[in-house]
Each structure stands twice: as C-alpha cells, then as structure tokens.
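Enquirer: Right, I'll just put the structure down here and ask away after.
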Amino acid sequence: MLTGQQVQAEVTPRFTHRQVLEILAGLMLAMLTSMISTSVVGTALPTIVGTLGGQDQLAWVASATLLTMTASTPLWGKLSDLYGRKLMFQASLLIFVISSIAAGFSQDMPQLIAARAAQGIGAGGLAALPQIILGDVVEPRERGRYSGYIGAVFGVSTVAGPLLGGFVVDNMSWRWTFWICVPLAVVAFTVIQKVLKLPLIRRDTRIDWWGATFITGGTTALMLLLSLGGQGFDWNSGWTYGLGALSLALFGLAVIAERGAADPILPPHLFRDRTVVLSGVASLLVGAAMFGALMFLPQYLQIVKGMSPTGSGLMTVPMVIGLLVSSIAVGRFVTRTGRWKIFPVVGMLLVAVGLFLLSRLRVDSSLTIIGVDTTVLGIGLGASMQILILAAQNAVTRADLASTTSAVTFFRSLGGAVGVAAFGAILSNRLSAELISLARTAHLPLPGGTEGGLGSPEAIRHLPAPLLEMILEAFTRAIHMVFLAGVPIALLAAVTAVMLKELPLRSAPPAPAEETAPPVPA
C-alpha cells in the first residue's frame, strides 16, 4: 500500500464517448435532484409556516441547508480520495434522499430545520463530486464538451424549481416538495451503480480530523454570520463581532493544522498555485454576482410587476436559454481548440453588462427588456462558470484533483452566501431610505422600513393607489442599487480571469494518483 503522497503507477481506465454520456446522465440526474429540491422549497415556505408555525424560525429553514452544504463541500473531496468516488457519491445521494423524506414527514419546525441541515450535507457532496468524477473519466482537453452540460443543469433547475414548487403547492401537499424528486435520485443512484467503473484505490493514510474540525467550524461560524446577520440579529451587534472573530480564529487554526497534516483536507501547496488561487477568487466573485442577481430578480418581478411565483419563474427562461446555449457552445469550442482563457474574461464582462442593464429597470419596464437583460446575464454565466473549474483541475496533478475541485466549489458557494447577505443588506437599507424620502415628499404614511415590513406581494397590490405607487417606485430604486452593486464585482472577476495563465489542456492520460492492485470495479 502506498501513502497519499505517492503516485499511482496504473493509468485510470479510458471510457468511450457513449460510456461518458451514460456516466454524465447519472451525475446530472443527481445534481438536478439536489438543485431542484433546494430551490423548490422557497415557493412552499409560506404554506409550510402556516402548517407548522414557527415564523421566527423561518430563516433557519433556508439557512440550514446552505450552511451545511458549504461547510461540508471541502470534506467530500478528501473522503472520495480515501474511500472512492463512487461510494462517496452514492453516500451523499443517499443522505440527501433520506433527509428529504424526513423533511416531508416533519411535524414541527425544529424537525424540518434538522432535516434541511442533513440535506445540506448530502448537497455538499452532490455539488463537488460530479465535477471530480468527470475529471477522473475525461481528460481536460475533452472535458469542455461534457462540463457544459453540467453547467446547463444549474440553469434548468433555476426554472424548474420555482415552477415545480408552485405546481405542488397549488395541487398537492407541501410535503411533496421534498418527496417529488426522490424517484429521480433513485434513477441516478441506479445509473451510477451500473455504469461507473473506476479502480478501487486503497490508500494507507489517516483522516485529517483537526483540519476537518477547524475548516468546518470556521465555515459554520461564517455562514451563521452571513445567513442570520440583519435578520436574526443586527449587523452592528455582539453576535456579528463574536461570530466574525470565531470564524477568523478557526480558519487560522485550520491553516496551522493543514500545514502539519500528513494528508490535509486542503493541501497548502494548492494555495501556492497561481491558477488554483485565481480560479478560487474568480469563482467566489462569480458566486456573489450570480446568486445576488438570482435571489432578488424574482422579488422585483413579483412586487413591482405583480407576477405570481410561477410567472416570475418563467421570466428566468431567457436567462436559462442563454446559459444553456453558452455553456454547451463554449465547452465544445474549448474541446476543439484547446483555448479557454478568453471565456471567463468575456463571460464576466457580459455578466457586468447584464447586471448594469438590470439596474436600469423601471416600474414600467417591458417584459421584453427584462428578457433581453437576463439573456445577456445567462450567456455570461454560461461562458465562465465551468471553465474556472476546468482551469483549476488542469493546473494540478490527478492526486490533487478532488481537493482542488472541492476548494473551487467551496469558494463559489461561499461567494453566493456573501453576495446574498451583502445585496440583502443593500436592498433593506436602500428601501428604507427611499420609503422615508418618498413618504415625506408625498405626505403619505410610512408603510414599513423594508420589503419584509410591507407584507406579501399580493397584499402590496391591494394597497391604495397612491401608497402602492410610492412602494413600487421605492422598491425599484432599491433594486437598482442591488444590481448596480454587482457590476464592480463582475468586473473584478473579469480582471482576475485576465491574470490566469492559459496552460495547455492535457489531452494524453497523465500519471494517475497512486497504484492499484489490480484495478477492481467499485
């Protein structure tokens, strides 16, 4: 047996195009299950609260999954190194399915929150492991044609989640929002069991428990701060400073632990690699800009344009089409030419343009204009998201593939949490200021300081005309600042991408990570 730092003598099995497509189908089904199940719940939250109660715990229903997903992502990569990709992928899928079933049977809010936290652990594996497995079965030069499809899954789930949630809430029990994707997960599990045949790698190593504890603890503290700041407690409060200090201290201890570990969760030498670091920074910025836009555009559509949740979901179809076409076209171009650097640069510039166009929306903006703006945003996201992961994977040896992929995925999720928290604070503060200013000018009563204080979109539409016009104008001005704040973030991501060195994509099989004796189908 060889240690984790030694290299493998055997070459990873080669797969035909048909075999890769079969494996990809299983991976995409699992990702679709996770993403839809995560997004579908948002539409059902008001109904869930009406049934289970616990309005004061509502934030935890969404935050619990995001927290555990982000915190567990770096760990899944290392676990797959130790116990095998297939086993860990199926374990994460199994955790997700069991916790989804448990969430549907919840009898009170604490049970639901616990089940959602368990869902996040499984979702963390389903976020990182498909990219890692794809990196195992396809070399970087060929990976573009396949990674584009994985990027497209995100776009499809963005539309399918809210639409499915609206249908379930209108026609079935809210509990089916957690159960409806279980059959998809079963199919994904079966497909991967049948078609994914990788060598069973036996490694003589130990789990880096200290590193895992400090990384998970630091991430948890940071995610609690970002998820609950401004909702569960004020930003300028002891909780904010306490969680911030705890997060910094735990991350500092994680650095010390990783430097001394024989087989660290996140090997320190990865952060001396220029491409890995820049890909991680760019992914964090992409996550912030992307999730910020996706989170608050539906609020504009429902509050200002008076659309239903289903209607606002349909309005994201142009963005999804742009993302789908862009990600697949870019992937095929990268496979054909081997050139990749230009795409995250141009992609993030298009994201900046899309966010700027969205910042120009008015109360009376047409749906056509909104569709064009979101299409530009989708094209930019599709051109950049998967290429950043490809660049990082291509820069490291196969031994570091899992850790690198997990790290980049972790930074994108963390960026999303940062973006949602920051843009949410901007929206709340700006909306409060605009309402005060407009109410004073029009000599009208102040309806509330934030959108949350205004009531539901349906309740807002039944307000007297003068008050309704004031609220719509105030919210439009506030959302203008949210999208505008995303522009410099996207531009900074483009600058970061410019600094990447365009390393040639590997096309010949490299030396695998470690020796097998002999390859045994997992």
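The values are calculated or read from the model by the stated rules, or taken from the named source; none is laboratory data. Because the structure is a prediction, the values reported are computed rather than measured. Note that we place each Cβ from the backbone using ideal geometry, even for glycine, and neighbour counts take in every protein chain shown. Only protein heavy atoms, including side chains, enter the accessible area calculation; ligands, DNA and RNA are left aside. Shrake-Rupley method; radii C 1.70, N 1.55, O 1.52, S 1.80 Å.
Enquirer: Would you calculate, for the chain, the mean residue ellipticity at 222 nm contributed by helices, counting each DSSP H stretch of 4 or more residues as -39,500 (n - 2.57) and dividing by all residues, to the nearest 500?
Expert: Taking each H run of at least 4 residues, the total per residue is -26000 deg cm²/dmol.
Enquirer: Now for a separate question. At a 1.4 Å probe radius, carbon and sulfur cover how many percent of the accessible area of the chain?
Expert: Within the chain, the accessible surface is 68 percent carbon and sulfur.
Enquirer: Hey, another quick one. Once the other residues with Cβ under 11 Å from the Cβ of residue 335 are scored (Lys, Arg +1; Asp, Glu -1), what is the net sum?
Expert: Within the 11 Å Cβ shell, the charges total +4.
Enquirer: Could the peptides 343-354, 424-435 be put in order, highest first, of the mean number of other beta-carbon atoms found within 10 Å of their residues?
Expert: Ranking the peptides 343-354, 424-435 by packing returns 343-354, 424-435.
Enquirer: Right, something else. Can you work out the PRE-style zone for residue 94? Point 7 Å along Cα to Cβ, and I want the residues of the stretch 180-196 with backbone N under 19 Å.
Expert: From the stretch 180-196, the list is 182-196.
Enquirer: Sticking with this structure for a sec: Dipole of the chain, Cα-centred, from +1 at each Lys and Arg C-beta and -1 at each Asp and Glu C-beta, to the nearest 20 debye?
Expert: Once rounded to the nearest 20, the dipole reads 1140 debye.
Enquirer: Just going by the charge dipole of the chain, with Lys and Arg at +1 and Asp and Glu at -1 on Cβ, which of 296, 123, 353 is farthest out on the positive end?
Expert: Positive-end residue among those listed: 353.
Enquirer: Between residue 462 and residue 341, what is 0.36 nm times their sequence separation minus the Cα-Cα distance? Round to one decimal in nm.
Expert: Residue separation times 0.36 nm, minus the Cα-Cα distance, leaves 38.5 nm.
Enquirer: Order these peptides, 65-76, 366-377, 212-223, 16-27, by their mean beta-carbon neighbour count within 10 angstrom, highest first.
Expert: 65-76, 212-223, 366-377, 16-27
Enquirer: Follow-up. Of the listed peptides 85-93, 252-260, what is their order by residue-averaged count of other C-beta atoms within 10 Å, with the highest listed first?
Expert: Going from most to least packed, we get 85-93, 252-260.
Enquirer: Show log10 I(q)/I(0) for the chain at q = 0.08, 0.12 Å⁻¹, two decimals, from a solvent-free Debye sum over equal Cα scatterers.
Expert: Values returned for q = 0.08, 0.12 Å⁻¹ are -0.49, -1.13.
Enquirer: Could you order 294, 196 by accessible surface area, starting with the largest, using a probe radius of 1.4 Å?
Expert: The most accessible residue leads, giving 294, 196.
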